[in-house]
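Heads up: the structure comes next, in structure tokens.
Read-outs throughout are calculated quantities, based only on the coordinates presented, and are distinct from any laboratory measurement. Quick caveat: nothing in here was measured; it's all calculated off a predicted structure. FYI the Cβ positions are ideal-geometry reconstructions off the backbone, even for glycines, and counts take in every protein chain you see.
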Amino acid sequence: MYKITIAIDGFSSTGKSTVAKRLAKALGYIYVDSGAMYRAVTLFAMEHNLIHKNQFNKAQLIKQLDAIKISFKFNKKLGFAEVYLNGQNVEKKIRTLEVSQFVSQVATVSEVREQLVLQQQSLGKDKGVVMDGRDIGTVVFPEAELKLFMTASAEKRAQRRYDELIERGDDVSFEDVLKNVQSRDHIDSTREDSPLAMAEDAIKVDNSNLNLDEQFEFIYSLAKAKIAECN
Ligand code: CDP
């Protein structure tokens, strides 16, 4: 059976990764979390003092890019691939609010994007992939057969992310999470290189009022119809 490429883009905390993971599992496709790669580069920058006291040393990060190796390893128990930075599992470390506060700045750097996009294209070269991010349908896989663009109100999204962080045991305030969501929306949508934008042929999914099951069923039916059409 011919396998397709599914690109899921959209604003932060719209549940892209939750639905993408579930979709990949249901279809027997691989799932790639492109945001995790930008987060891993950000973590590297923080751990090497390239981000310090709110100052981001972009030139040094570009110089050190060759020292950053990002990979994914499938975790059978969790049912998805976890991200590794230079051989270390950083899946948990990259999800903190501190990393979220700098990741969009790091993601504006063209040299970083260039490397990560090449790696993403290589991960998806055999198709049968669900990838989520900000530029998957526009830059990474402009030929993807199915493109979705997820959105929801900033307050809903911040509430979801706040609940997630509290559940993990992180000490954060709702106001800080909302501020972060709004600031990343702004940086991601206005940056020069590959800004977050809906591809012309993407289907917009506003999930402000959809629960996870409803959202999954809707997207799964779109994917099945597209796969049938391509076979
Ligand atoms: O999980 P959430 O939606 O909050 O974010 P993410 O998918 O982990 O992505 C974190 C950040 O990485 C985004 O806010 C973007 O700045 C950047 N990113 C990007 O520029 N391009 C992508 N394909 C994926 C993420």
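Annotations
- Residues that are more than 9 Å from the ligand (Cβ to nearest atom) and in contact with a Ser or Thr (Cβ under 8 Å, 6 or more places away or on another chain) within the stretch 129-149 comprise Val129, Thr138, Phe141, Glu143, Ala144, Glu145, Leu146, listed in sequence order.
- Yes/no for Glu145 being out of contact with any helix residue (DSSP H, G or I) (no Cβ under 7 Å at 6 or more places or on another chain) and of a type outside the set (Lys, Arg): no
- Of residues in the stretch 64-109 being assigned to a helix (DSSP H, G or I) and hydrophobic (A, V, I, L, M, F, W, C), the one nearest to the ligand (Cβ to nearest atom): Val103
- Within the set Leu222, Leu178, the sole residue that is over 19 Å from Phe11 (Cα atoms), of a type in the set (A, V, I, L, M) and touching a residue at least 24 places away in the same chain (Cβ under 8 Å) turns out to be Leu222.
- Residues of the stretch 139-160 classified as crowded, with 21+ Cβ neighbours inside 10 Å and over 30 Å from Ala228 (Cα atoms), total: 2
- Conditions (1) exposed (fewer than 15 other Cβ atoms within 10 Å of the Cβ); (2) free of Cβ contacts under 8 Å to residues at least 12 places away in the same chain; (3) not in a loop (DSSP other than H, G, I, E, B); number of the one not met by Lys25: (2)
Every residue, every condition in (1) among the hydroxyl-bearing types (Ser, Thr, Tyr); (2) in contact with a strand residue (DSSP E or B) (Cβ under 9 Å, 6 or more places away or on another chain); (3) surrounded by fewer than 17 Cβ atoms within 10 Å (Cβ to Cβ); (4) closer than 13 Å to Leu146 by Cβ, yes or no:
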{"residue": "Thr190", "(1), (2), (3), (4)": "yes, no, yes, no"}
{"residue": "Leu196", "(1), (2), (3), (4)": "no, yes, no, no"}
{"residue": "Ile203", "(1), (2), (3), (4)": "no, yes, yes, yes"}
{"residue": "Gln215", "(1), (2), (3), (4)": "no, yes, no, no"}
{"residue": "Ile219", "(1), (2), (3), (4)": "no, yes, no, yes"}
